[in-house]
Amino acid sequence: MSQPLRSRRGPGVLSRRVVLAGAVQSLALLAACSALPPTPSASPEPAPTGAPSPTPPATPAPPSQSRPCVVTPVVRPTTIPYPGYTKMEPSTGLHVTGLAQEVDPVAYRLKVIGQVEAPLSLSYDDMRCLPVTQAHTWLTCPGFFTDEADLAGFTFADLFALARPRAQATRVRLTSVEGYSVLFSLDEVLSPGVFLAYEWEREPLPPSHGFPLRGVFPLKSGANWVKWVTQIELS
């Protein structure tokens, strides 16, 4: 379980209907946090009498998806020696259930594909420009351990407001860089408390715990908290 999410936009998770309806507002949000404000254009000189009217300026291209805002550069966290299955890492106080995957944050892309109107390929910085959600969480591996930590990231609702799921989309598959995947219902990933985390205790996720991105599912066992998420497919 986890405590209620704390979001810079206020509490709550969008319903599926609101996700589909809120695409325009979310795209406007990305445009509003562009790295630099638009440069005002100069007023055109009046055309001489009898001369043809000047050609209207071209409509500016939308901001690039690759860098919608300015964020602090992140260096890939150092991978520490593997302590063994379900053993605790001295440096984090968290238990480990697999070998860390080495992911380059510069080359990393989160792909959102399948039954969506706007497939996405988001960089690590793109993800950090989405509205931030954070929560104090408990991850349980039944019969082995329970880990407690503050995690931060973004909700599926905010992500899907950009991708715009089609009406027939009912399932969501999270896939790791190592090929591991878990299938959820769309309603499950939009449930309160569920989100995608890229930050642990105000730092990037440790490599052994999912850097650069992992799922957070408070009502499910740790096997559902997919680490090193690289693809989200709706079907």
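Quick one: is A149 in contact with a strand residue (DSSP E or B) (Cβ under 7 Å, 6 or more places away or on another chain), farther than 15 Å from P212 by Cα and hydrophobic (A, V, I, L, M, F, W, C)? When the stated conditions are applied, A149 passes them. When residues in segment 165-185 are screened for being surrounded by 23 or more Cβ atoms within 10 Å (Cβ to Cβ) and of a type outside the set (A, V, I, L, M, F, W, C), 1 of them pass. Can you spot a residue in segment 76-88 that is of a type in the set (A, V, I, L, M), at pLDDT 90 or above and either under 26 Å from F144 (Cα atoms) or in contact with a helix residue (DSSP H, G or I) (Cβ under 9 Å, 6 or more places away or on another chain) (or both)? Yes, there is a match, as at least one residue in segment 76-88 is of a type in the set (A, V, I, L, M), at pLDDT 90 or above and either under 26 Å from F144 (Cα atoms) or in contact with a helix residue (DSSP H, G or I) (Cβ under 9 Å, 6 or more places away or on another chain) (or both). On inspection, A157 does not qualify as under 17 Å from P204 (Cβ atoms), surrounded by 13 or more Cβ atoms within 10 Å (Cβ to Cβ) and touching a helix residue (DSSP H, G or I) at 6+ places or on another chain (Cβ under 7 Å). Of all residues in segment 68-102, those satisfying the criterion of being exposed (fewer than 13 other Cβ atoms within 10 Å of the Cβ) and either in contact with a Lys or Arg (Cβ under 7 Å, 6 or more places away or on another chain) or of a type in the set (A, V, I, L, M) (or both) are V70, V75, L99. Restricting to segment 95-114, name every residue that is small (G, A, S) and either outside any loop (DSSP other than H, G, I, E, B) or modelled with pLDDT of 95 or more (or both). If the condition is that a residue be small (G, A, S) and either outside any loop (DSSP other than H, G, I, E, B) or modelled with pLDDT of 95 or more (or both), then A107, G114 are the ones that fit.
The values are calculated or read from the model by the stated rules, or taken from the named source; none is laboratory data. Bear in mind that the values here come from a model prediction, so they are computed numbers and not experimental data. Positions of Cβ are generated from backbone atoms using ideal geometry, with glycine treated the same way; all protein chains shown enter the neighbour counts.
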